[in-house]
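Inspection log for the structure reproduced underneath, given as C-alpha coordinates.
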Amino acid sequence: MEIISTEKAPAAIGPYSQGMRTNELLFTSGQIPIDPSTGEVMEAEITAQAKQSIENVGAVLAAGGSSFEKVVKTTCFLADMKDFAAFNEVYAKYFTTNPARSCAAVKTLPKGVLCEVEVIAER
(Lines give C-alpha, C1' and ligand atoms only; values in the text may rest on other atoms or scores of the structure.)
Protein backbone atom coordinates (compact mmCIF):
# COMPACT_ATOMS: atom_id res chain seq x y z
CA MET A 1 0.00 0.00 0.00
CA GLU A 2 1.10 3.55 -0.68
CA ILE A 3 -0.10 6.76 0.98
CA ILE A 4 -1.16 9.44 -1.50
CA SER A 5 -0.55 13.03 -0.47
CA THR A 6 -0.64 16.34 -2.33
CA GLU A 7 -0.51 20.03 -1.42
CA LYS A 8 -3.10 20.63 -4.17
CA ALA A 9 -5.83 19.25 -1.89
CA PRO A 10 -6.54 20.13 1.75
CA ALA A 11 -4.41 18.40 4.35
CA ALA A 12 -6.15 15.73 6.37
CA ILE A 13 -7.85 17.17 9.46
CA GLY A 14 -7.52 13.93 11.41
CA PRO A 15 -5.55 10.67 11.62
CA TYR A 16 -6.02 9.62 7.98
CA SER A 17 -4.48 10.04 4.51
CA GLN A 18 -5.83 11.99 1.55
CA GLY A 19 -5.70 8.72 -0.35
CA MET A 20 -4.32 5.20 -0.47
CA ARG A 21 -3.19 3.21 -3.45
CA THR A 22 -3.11 -0.57 -3.44
CA ASN A 23 -2.25 -2.56 -6.55
CA GLU A 24 -4.21 -0.83 -9.30
CA LEU A 25 -6.86 0.85 -7.15
CA LEU A 26 -6.85 4.30 -5.58
CA PHE A 27 -9.13 5.15 -2.66
CA THR A 28 -9.61 8.80 -1.71
CA SER A 29 -10.70 10.03 1.67
CA GLY A 30 -13.77 12.23 1.66
CA GLN A 31 -12.95 15.66 0.30
CA ILE A 32 -14.79 18.69 1.60
CA PRO A 33 -14.85 22.19 0.06
CA ILE A 34 -11.70 23.57 1.61
CA ASP A 35 -9.54 25.77 -0.60
CA PRO A 36 -6.10 24.11 -0.31
CA SER A 37 -4.31 27.43 -0.80
CA THR A 38 -6.03 29.11 2.17
CA GLY A 39 -7.25 26.22 4.32
CA GLU A 40 -10.65 27.92 4.45
CA VAL A 41 -14.09 26.52 3.62
CA MET A 42 -15.55 27.87 0.40
CA GLU A 43 -18.58 30.12 0.40
CA ALA A 44 -21.74 28.60 1.86
CA GLU A 45 -23.45 27.76 -1.44
CA ILE A 46 -23.83 24.17 -2.69
CA THR A 47 -22.62 24.76 -6.27
CA ALA A 48 -19.34 26.35 -5.20
CA GLN A 49 -18.85 23.80 -2.43
CA ALA A 50 -19.55 20.86 -4.76
CA LYS A 51 -17.06 22.21 -7.32
CA GLN A 52 -14.31 22.65 -4.72
CA SER A 53 -14.93 19.24 -3.14
CA ILE A 54 -14.74 17.54 -6.54
CA GLU A 55 -11.66 19.51 -7.58
CA ASN A 56 -10.00 18.39 -4.34
CA VAL A 57 -10.86 14.79 -5.30
CA GLY A 58 -9.28 15.46 -8.70
CA ALA A 59 -6.05 16.64 -7.08
CA VAL A 60 -5.81 13.45 -5.01
CA LEU A 61 -6.59 11.35 -8.09
CA ALA A 62 -3.83 13.08 -10.07
CA ALA A 63 -1.33 12.63 -7.22
CA GLY A 64 -2.17 8.92 -7.22
CA GLY A 65 -1.75 8.54 -10.98
CA SER A 66 -5.44 8.46 -11.84
CA SER A 67 -8.17 10.75 -13.19
CA PHE A 68 -11.91 11.35 -13.19
CA GLU A 69 -12.24 9.08 -16.26
CA LYS A 70 -10.93 6.13 -14.23
CA VAL A 71 -13.31 6.53 -11.27
CA VAL A 72 -15.39 3.38 -10.75
CA LYS A 73 -17.35 4.39 -7.62
CA THR A 74 -18.22 7.60 -5.84
CA THR A 75 -19.79 8.19 -2.45
CA CYS A 76 -21.36 11.59 -1.94
CA PHE A 77 -22.66 13.05 1.29
CA LEU A 78 -25.01 16.02 1.43
CA ALA A 79 -26.01 17.98 4.49
CA ASP A 80 -29.46 18.48 2.94
CA MET A 81 -31.13 16.53 0.12
CA LYS A 82 -32.73 19.76 -1.11
CA ASP A 83 -29.28 20.40 -2.64
CA PHE A 84 -29.37 17.13 -4.63
CA ALA A 85 -30.28 18.65 -8.03
CA ALA A 86 -27.75 21.49 -7.79
CA PHE A 87 -25.05 19.07 -6.60
CA ASN A 88 -25.82 16.75 -9.54
CA GLU A 89 -25.36 19.58 -12.04
CA VAL A 90 -21.80 20.12 -10.85
CA TYR A 91 -21.09 16.40 -10.38
CA ALA A 92 -22.12 15.59 -13.98
CA LYS A 93 -19.48 17.98 -15.38
CA TYR A 94 -16.65 16.01 -13.76
CA PHE A 95 -17.82 12.38 -13.65
CA THR A 96 -18.68 12.04 -17.33
CA THR A 97 -18.20 8.24 -17.41
CA ASN A 98 -21.10 7.80 -14.97
CA PRO A 99 -19.37 5.69 -12.30
CA ALA A 100 -21.39 3.75 -9.74
CA ARG A 101 -22.52 6.09 -6.97
CA SER A 102 -24.09 6.32 -3.56
CA CYS A 103 -25.46 9.62 -2.28
CA ALA A 104 -26.84 10.14 1.20
CA ALA A 105 -27.92 12.97 3.41
CA VAL A 106 -26.13 13.09 6.73
CA LYS A 107 -26.88 15.03 9.88
CA THR A 108 -23.63 17.03 9.86
CA LEU A 109 -20.35 17.11 7.97
CA PRO A 110 -16.92 18.30 9.15
CA LYS A 111 -16.62 22.06 9.52
CA GLY A 112 -20.34 22.48 8.79
CA VAL A 113 -19.89 22.05 5.02
CA LEU A 114 -22.73 21.17 2.64
CA CYS A 115 -21.10 18.22 0.84
CA GLU A 116 -18.29 15.67 0.88
CA VAL A 117 -17.12 13.37 -1.94
CA GLU A 118 -14.93 10.25 -1.94
CA VAL A 119 -14.03 7.93 -4.80
CA ILE A 120 -12.47 4.63 -5.79
CA ALA A 121 -10.57 4.69 -9.07
CA GLU A 122 -8.31 2.59 -11.24
CA ARG A 123 -4.76 3.72 -11.74
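The values are calculated or read from the model by the stated rules, or taken from the named source; none is laboratory data. What you see is a predicted model; the values in this text were computed from it and never measured. Cβ atoms come from the backbone with ideal geometry, glycine included; neighbour counts cover every protein chain shown.
Looking at the structure I just gave you, is Ala121 at pLDDT 95 or above, more than 10 Å from the chain's Cα centre (by Cα) and among the aliphatic types (A, V, I, L, M)? It is true that Ala121 is at pLDDT 95 or above, more than 10 Å from the chain's Cα centre (by Cα) and among the aliphatic types (A, V, I, L, M).
Which ones in the stretch 100-123 are surrounded by 12 or more Cβ atoms within 10 Å (Cβ to Cβ) and within 27 Å of Met1 (Cβ to Cβ)? Passing the criteria: Arg101, Leu109, Pro110, Glu116, Val117, Glu118, Val119, Ile120, Ala121, Glu122, Arg123. A search for C-beta distances below 8 Å between a residue of the stretch 80-92 that is surrounded by fewer than 14 Cβ atoms within 10 Å (Cβ to Cβ) and any residue that is assigned to a helix (DSSP H, G or I), counting only pairs 6+ apart in sequence or on different chains, returns Glu89/Thr47. Ala79 - would you say it is in contact with a Leu (Cβ under 9 Å, 6 or more places away or on another chain) and at pLDDT 95 or above? Answer is yes for this residue.
If we keep just the residues of the stretch 93-123 that are of a type in the set (Val, Ile, Thr) and in a strand (DSSP E or B), which is farthest from Phe27 (Cα to Cα)? Looking at the filtered set, the residue picked out is Val117. For the stretch 3-28, how many residues meet the condition of being part of a loop (DSSP other than H, G, I, E, B) and of a type outside the set (S, T, N, Q)? Of the residues in that region, 11 qualify.
Considering Thr47, Thr75, Thr28, Thr97, the condition of being among the hydroxyl-bearing types (Ser, Thr, Tyr), in contact (Cβ under 8 Å) with a residue 12 or more places away in the chain, touching a strand residue (DSSP E or B) at 6+ places or on another chain (Cβ under 6 Å) and surrounded by fewer than 18 Cβ atoms within 10 Å (Cβ to Cβ) is satisfied by Thr75 alone. Within the stretch 36-68, the set of residues being modelled with pLDDT under 95, of a type in the set (Asp, Glu) and outside any loop (DSSP other than H, G, I, E, B) comprises Glu40 only.
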